[in-house]
Each structure stands twice: as structure tokens, then as C-alpha cells.
Amino acid sequence: MSGYGAWGEAGASNDCFRSRRIFYIPPHLRHERSLVSAAESGEAYFGARDMGHRAPRHGRGKRRVSREPNPLGIACDEMGNLRISDAGDGAGNVIDFSAYEDIPVETSGSDVPPPASTFAEIDLGEVLNRNIQRCRYVKPTPVQRYAIPISLAGRDLMACAQTGSGKTAAFCFPIISEIMRSSPPLKNGRNQGGRLACPQALILSPTRELSCQIHDEAKKFSYQTGVRVGVVYGGAPAFLQLRNLEKGVDILVATPGRLMDLIERARISLQKVNYLVLDEADRMLDMGFEPQIRKIVEQMDMPPPGTRQTMLFSATFPHGIQRLASDFLKNYIFLTVGRVGSSTELIKQRVEFVLDMNKRNYLKVLLQSDKVNGSHAKLPLTLIFVETKRAADSLQNWLCIKGFPASAIHGDRNQLEREHALKSFKSGATPIMVATDVAARGLDIPHVAHVINFDLPRDIDGYVHRIGRTGRAGKSGLATAFFNDANQPLAKALVELMQESCQEVPNWLCQYADGSSYVGERSRHHGGSRFGGRDFRKEDLQLRIGNYKSESYGESSCAPSHGDAGFLNNGDIKSGCSYEVGDDSCSAGADYSIGAGDANAYDTGSYNVGYDQIVATGWD
Ligand SMILES: Nc1ncnc2c1ncn2[C@@H]1O[C@H](COP(=O)(O)OP(=O)(O)OP(=O)(O)O)[C@@H](O)[C@H]1O
């Protein structure tokens, strides 16, 4: 094996494939030279006991500098210190977040801590602050300005902020800082026997790729802090992940399936979890994940809400999901940051009427024109979303035949194929990637210039996440959607979203919207608001003030124009308050996962039905 490929070979004999033991080395372990050389030399990987370079804890900011591998990929001096002048975003640029300055922010809940305007204002600790500088994060983004102080104040949080606006750092920074602060230090995140990992923080995410990405980010942020980050996800051998965890883990990033498996095998315990994060929280409580998440959060050994701190993040938060999520939270703050990508025109949205039979030809024309307009006549990175796994394979083949280098990523591909596709897309070797919704959320791929919805998703939230793969971190991007009669149910919500984002809406699309029978989550609950979502407690309360009874839940920092008059301060809503108006809302909630078992497919029909039930039986 050469370099740090994805596969390790033990007992290698190049001409005799069968005599080799070949095993997969997951990305987060590929920097471990000892692992790779053990694999190359045929030595058992299992013998590599001390591959970690954990810095012993000597109190906050005073951990011993170690030979910890440098996750930032930046030059270090002989002591392992990064040379800050060498640091950057990979392209040597300071990222421009000025586009986010005027974004409207709304908070609700009791005693909301004031936001911070600079990182220096927030007491995150010297080492972490240095890493923030190394990442070239000059100023906190709006979600970071609000979420970090809220989290440091120990409050539960439901945060809805636009795609690409820095939510990962918003939950990683306070957790790393608090773990560094924790005294006395816990036993390096494992029990005395050493085989049971007991993380202090658990970050759950819906896909393997996103878990790996969060893990990589968290490693960068925690460089030389002594805080250890681990990851477990399906599709890769568990024993390698476990070996890594045995060295100790403070922050564990996980997909739910693999985590559950390792809990049941008594290799991970959640009893010391002080911080729980659900990234893409609406997705985690939707589409078949909900029972699993409930099991992990409520039926294992995790401390209950109030004892642990819980933070939920996403760019979209349908109200029904907010209701479910509130079971996991205690006296939480709801934070909304307007959808920057849309509202500031960072993402230019175009919708074209294209019949199914013409889609491929139209795509070809589009790609050819992108190529002509691209720098050095090169195709810019283009992500194409399709509905099914089979369609992804088929379109990828067709593109390759037509001379457009393309990779494909979907749930039927094995982990190695998925990683390979992503890597070759990121590097530009195959500048086109065809994807199902497995790549719709969270993935932060620099320089994606164009997102094409070859098949539109069935719900508007899916559209928001998909187009959010471009126009990230202050950069602009383009999103093109192919629309035809089959997409009529989406028309109204699409027009509203485009209008909100100051996009040019074609007349023909408005006509489709006028004739649309679909009333999506956005139409029904966002009420034309510029915000990415509203705190469902407000609207429930407003309804109850009118129809049932008054109950206080907390103060809103937003102007009275949002209808806050009449709210009392400092109360705490009981989780699941909507149950008062009919237990149907409970069972409606359960519909979210029924019929949506395929984690790679969207089936929003089920939750629309569920929500209709709430509306019909609860409020009318
Ligand atoms: N304060 C900051 N200054 C500069 N860049 C930042 C800052 N915070 C985050 N970034 C960069 O912005 C990009 C997007 O961040 P991130 O992936 O956390 O977005 P997100 O809000 O989680 O998006 P999504 O909703 O798609 O998951 C990343 O490349 C990250 O490094």
C-alpha cells in the first residue's frame, strides 16, 4: 500500500491477493502513521497500543504540548505549535462573513444570555482561541454569536440557522471549552477497565459522511487542548473505531445505528454524557430515526434533561418536529437566524420547466455552458440531486459516456465507494457528483458552484438543505431546479421561498403555485416570515390564549410586531404542551417515522398527514 489510502494490508504479498489480510482504515485514522505502517509491515494493528498522543491535563490552557497529529494540515514548529501565519482556510483566504451582518435573529425563552460580538469577548480559553485563529475565524457568525453564550450559560437550545453559517463551530466551541474547564478531569473518557468508552459529550448526526466531517472539525478545534474526539459510524469495521475509543474519548460523534450497536455490546456508556447535540435535528427526529434516537436518549443510561445539556441544530425545524424535540429539552431557548443563503441572494436560484424526457439533454446544455463559462474552460464543482439510487447510478454512467467526469453517492454504495466519490469530487478529479439525499445535509464541500435539482425533492425543507451545499461561508452559488407537472405540489412553497430570498420567480411558476393544493410546512407555519422557523411554543401559546387557556413560557427578545404581546416572563413550558389539546398530537408525531424507514429517501407525506391530524383534532 502506498501513502495513506483507505485500505490497510496485513501480511502483504502483492502478487497474491488472497494471502493478504485487507482491512479498511477509516478516514479519521489515516493520519495514524503507526497504524498504516503496522498494516504495511503485516504487524497486527491490534498491537499498536499507544498511537494516541494525549496531552495529560494540567488545568485549563496548560496542557502539555504533545506530538499530537496536526489536524489543521498546517506547518508546525518542533514543539508542535502551529505557525499562525501559515494557517488559513486551505486557500490562504480569510473567509468573508460580511454577508451575514444584517441577518435578523430572533430568540425566545426565559433569561436569554446576551450575544457576543467577538470571540475574544467569550471566555473560551487560550488554547481554543488560538485554534480559532488558526482556522482563520476572525468573527463569530450570527449563530455563533448567540449560541455560544447560551451554551456556556448551561442552557438547552434549539437553534435554527441557515445552511453554511457555522453551526458546527457553534456547538463544538462551548463543549470543548467546558470539557477543558471540567475539574477534576474525568478519566480520559473511559472507565477503569479501559474497554468501556464514557464520553462527556455526544454529537449525533444522520449520515456517515457528516459524522466524519464533524469529527474532523472537532479535532481541529480541540488541537492541543487535551480534549479527545472520537467517531463511530456504520459501514466501517467497528473494531478500528473501538480501538480508537479505548484511548479515551471526551467528545463522541456518532450515527445512531452504530452507536446503538456499540452501546448494546457494552462498549460505550452514556452515563457521563453532560452535553448532547443533535445536528440536523429535524432529520434525526424524522424519517425513521426517531424511535432510535428516543431509545438512545431516553432508554439508555444517559442523564435526563436538566442534568445534561441538550442542543439541537438545523437549518429547518418543522413545528411537528419541534414538538417531538421538546421532549429532550428543559427550559430551552429557541434561536432563529434568517436563511442567509436565500435572503441575501448568496445562492442564486433558477427554476426551469423541463419535461422528464428532456432532462438529460437540458442537463448537457447546462453543463456545457458552465464549462465554457468556467475558469480555464473547466467545469466548476457541480452537485446534481436525483430522487433514487438507481437514477443516480444511471445518470452518472450517462454523464461519463457523454464526456462529463462524474461520481455518484447514495445509500446502496459501500462506504469505500462513497468516500471515494466524495474525495474525487472534492479534489475536482470528477467535478460532477450525482447524489441522492444522502448528500443533501450538512456536507461542507468548498467550491461547489452549482447545485442542480435534476429531480426536485418532495418537501421545501429538503430543497433548502440541498441548495445549501453551495453559497456557503459567505460565498455565492447557483442552484438550478428542473420543474414539471409532477412537482406542482411544491410550487407554492418554492415561490414563497424564492420571494423571501429576493429571487426572480418565473410567471409560469407563480401560476403553478396559484393552482397548487399543497400547503407545506412553510406555508402553514412560517406565515411568510423572513425567519428560518418560529418557536412552536409561541404559536401554540397564542392559540391557547385564544382558545383554551393562558400559560407563560418565557420572554421573547423579538419586537412586538411578531405578536409577542401577552406573553409572560420566565416560565417554562411543559414538554409536549400540545398534548393538552388532544392526545392525537402524540400519535400524529409517531407518524413521522412510519413509512419512512429508508433513511435515504424522503417521504414527507407521512408527516404532512400527521400534522393535518394535529390541526384537525387539536386546533379546529
Ligand atoms: N466564524 C467563522 N469564520 C469563518 N468561517 C467560518 C466561521 N464559522 C464557520 N466557518 C466556516 O463556514 C463553513 C460552513 O460551516 P458549517 O459546515 O458549520 O455550516 P452549517 O451551518 O453547519 O451548515 P449546514 O446547515 O449545511 O450543516 C465551514 O467551512 C466553516 O469552516
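The values are calculated or read from the model by the stated rules, or taken from the named source; none is laboratory data. Because the structure is predicted, anything quoted here is derived from the model rather than measured. Note: ideal-geometry Cβ built from the backbone for every residue, glycine included; neighbour counts use all protein chains shown.
Listing for the model above:
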quantity	calculated
Candidate set: region 460-489, residues that are of a type in the set (D, E, K, R) and crowded, with 24+ Cβ neighbours inside 10 Å; chosen: the one farthest from residue 387 (Cα to Cα)	472
Flag if residue 382 is surrounded by fewer than 23 Cβ atoms within 10 Å (Cβ to Cβ) and β-branched (Val, Ile, Thr)	no
Options 300, 311; residue that is within 22 Å of residue 250 (Cβ to Cβ) and either of a type in the set (Val, Ile, Thr) or crowded, with 21+ Cβ neighbours inside 10 Å (or both)	311
Contacts under 8 angstrom Cβ, first residue in region 114-129 being within 20 Å of residue 220 (Cβ to Cβ), partner of a type in the set (S, T, N, Q) and away from the ligand (no atom under 13 Å from the Cβ), 6 or more apart	124/177; 125/177; 125/225; 127/224; 127/225; 128/177; 128/222; 128/225
Among (1) of a type in the set (A, V, I, L, M, F, W, C); (2) within 13 Å of the ligand (Cβ to nearest atom); (3) in contact with a Cys (Cβ under 7 Å, 6 or more places away or on another chain), the one test that residue 495 misses	(2)
All positions within region 130-167 that are among the hydroxyl-bearing types (Ser, Thr, Tyr) and either more than 6 Å from the ligand (Cβ to nearest atom) or surrounded by fewer than 24 Cβ atoms within 10 Å (Cβ to Cβ) (or both)	137, 146, 151
Selection count, region 123-170, where residues are closer than 17 Å to residue 333 by Cα, hydrophobic (A, V, I, L, M, F, W, C) and in a loop (DSSP other than H, G, I, E, B)	2
Subset of region 417-450 (residues that are closer than 12 Å to residue 209 by Cβ, touching a Phe, Trp or Tyr at 6+ places or on another chain (Cβ under 9 Å) and in a loop (DSSP other than H, G, I, E, B))	440, 445
Qualifying residue in region 357-365 (condition: within 16 Å of the ligand (Cβ to nearest atom), of a type in the set (A, V, I, L, M, F, W, C) and buried (at least 23 other Cβ atoms within 10 Å of the Cβ))	no
Checking residue 496 against (1) outside any helix (DSSP H, G or I); (2) of a type in the set (D, E, K, R); (3) over 16 Å from residue 356 (Cβ atoms), the condition it does not meet	(1)
Residues satisfying the stated conditions in region 172-189, i.e. at pLDDT 95 or above and more than 9 Å from the ligand (Cβ to nearest atom)	173, 174, 175, 176, 177, 178, 179
Residues of region 456-476 classified as under 22 Å from residue 280 (Cα atoms) and either outside any helix (DSSP H, G or I) or more than 16 Å from the ligand (Cβ to nearest atom) (or both), total	12
Verdict on residue 313 being of a type outside the set (Val, Ile, Thr), within 15 Å of the ligand (Cβ to nearest atom) and not in a strand (DSSP E or B)	no
Residues of region 388-412 satisfying the condition of being crowded, with 19+ Cβ neighbours inside 10 Å and either among the aromatic types (Phe, Trp, Tyr) or free of Cβ contacts under 8 Å to residues at least 12 places away in the same chain (or both)	404
Some residue of region 109-119 being buried (at least 24 other Cβ atoms within 10 Å of the Cβ), part of a loop (DSSP other than H, G, I, E, B) and away from the ligand (no atom under 16 Å from the Cβ)	yes
Unmet criterion (only one of (1) within 28 Å of residue 280 (Cα to Cα); (2) at pLDDT below 95; (3) part of a loop (DSSP other than H, G, I, E, B)) for residue 69	(1)
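A quick yes/no check of all residues on (1) aromatic (Phe, Trp, Tyr); (2) in contact with a Leu (Cβ under 9 Å, 6 or more places away or on another chain); (3) touching a residue at least 12 places away in the same chain (Cβ under 8 Å):
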{"residue": "267", "(1), (2), (3)": "no, yes, yes"}
{"residue": "293", "(1), (2), (3)": "no, yes, yes"}
{"residue": "301", "(1), (2), (3)": "no, yes, yes"}
{"residue": "332", "(1), (2), (3)": "yes, yes, yes"}
{"residue": "337", "(1), (2), (3)": "no, no, yes"}
